[in-house]
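Accompanying notes for the structure given below.
The values are calculated or read from the model by the stated rules, or taken from the named source; none is laboratory data. Worth saying up front: this structure is predicted, and the values here are computed from it rather than measured. Using ideal geometry, Cβ is built from the backbone for each residue, glycine included, and neighbour counts are taken over all protein chains shown.
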Amino acid sequence: ADAHSRAGYHHARCARGGAAVARTSATSVSAANAGAPMVRFGFVAPQASSVALVGDFNDWDPKATPLRAAATGGVWSVEVPIHPGRHLYAFVVDGTIWRPDPAAPPATGEDFGEPNSALTVADPRAQ
């Protein structure tokens, strides 16, 4: 099963070990991402000073999508619009340490030397 079909499982694990959950939101987005489902990403890194999301949806740019830290617990999160399809992504901790999402399937054979995770975002119009 893909990451989207386990969305409830991932959502429940968000506070414990990183998660990705696809859901539709009314949040305003850029014209390029208009209509794309909002996907929430979370990562637990209590000792980190920064965590960023990188993936094929933001050109693997560690500066493009920083996560925000919760007040307590070391949970970092962000919600971003991502077009339907299969995507590869990872988290960058403190600007240099690449980490896969522990709650998502690994992207085997496609990591180019860094650990990545795979996410499938369903088309909300097809549901």
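Within the stretch 70-94, take every residue that is surrounded by fewer than 18 Cβ atoms within 10 Å (Cβ to Cβ), of a type outside the set (D, E, K, R) and outside any loop (DSSP other than H, G, I, E, B) and give me the one that is farthest from the chain's Cα centre (by Cα). Of everything passing the filter in the stretch 70-94, G85 is farthest from the chain's Cα centre (by Cα). Which pairs do you get when a residue that is within 26 Å of P124 (Cα to Cα), found in the stretch 58-83, comes within reach of a residue that is exposed (fewer than 13 other Cβ atoms within 10 Å of the Cβ) and at pLDDT below 95, reach meaning Cβ atoms under 6 angstrom, with the pair 6+ apart or on two chains? As it stands, the answer is none, since no pair meets every condition given.
When the stretch 103-117 is filtered for residues that are assigned to a loop (DSSP other than H, G, I, E, B) and modelled with pLDDT of 85 or more, the ones remaining, listed by number, are A103, A104, N116. Applying the set (1) hydrophobic (A, V, I, L, M, F, W, C); (2) under 26 Å from G35 (Cβ atoms); (3) surrounded by fewer than 19 Cβ atoms within 10 Å (Cβ to Cβ) to I97 leaves exactly one unmet item: (2).
Per-residue answers, yes or no, for (1) in a loop (DSSP other than H, G, I, E, B); (2) modelled with pLDDT of 90 or more:
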residue	(1), (2)
A26	yes, no
V29	yes, no
V39	no, yes
F43	no, yes
Q47	yes, yes
V54	no, yes
N58	yes, yes
P62	yes, yes
